[in-house]
1. Taking Cα pairs under 8 Å and at least six residues apart, what relative contact order does region 2-50 come out at, in percent?
2. Applying 1/(1 + (r/R0)^6) with R0 = 25 Å to the Cβ-Cβ distance of residue 47 and residue 2, what FRET efficiency is obtained, to the nearest 0.05?
3. Using only the Cα atoms of the chain, what semi-axes does the equivalent ellipsoid have when each is the square root of 5 times a gyration tensor eigenvalue? Give whole Å, largest first.
């Protein structure tokens, strides 16, 4: 998923099988600064079905 508004972008990245068994959803906030896109924040969630109990 990508949401773009002039100099602001939000990107959702699905990561499957990290370390062989863990699935993540990352949400990145990007700003266009001096003509270049920079990641300024990241939040993530480990999918509940891959958490060891």
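Derivation of every value follows stated rules applied to the coordinates shown; laboratory data play no part. The structure presented is a predicted model; accordingly, all values stated were derived computationally and were not measured. Positions of Cβ are backbone-derived with ideal geometry, glycine not excepted, and every protein chain shown enters the neighbour counts.
1. With pairs under 8 Å counted, the relative contact order is 31 percent.
2. Rounded to the nearest 0.05, the efficiency is 0.75.
3. Taking √(5λ) for each eigenvalue gives 28, 9, 8 Å, largest first.
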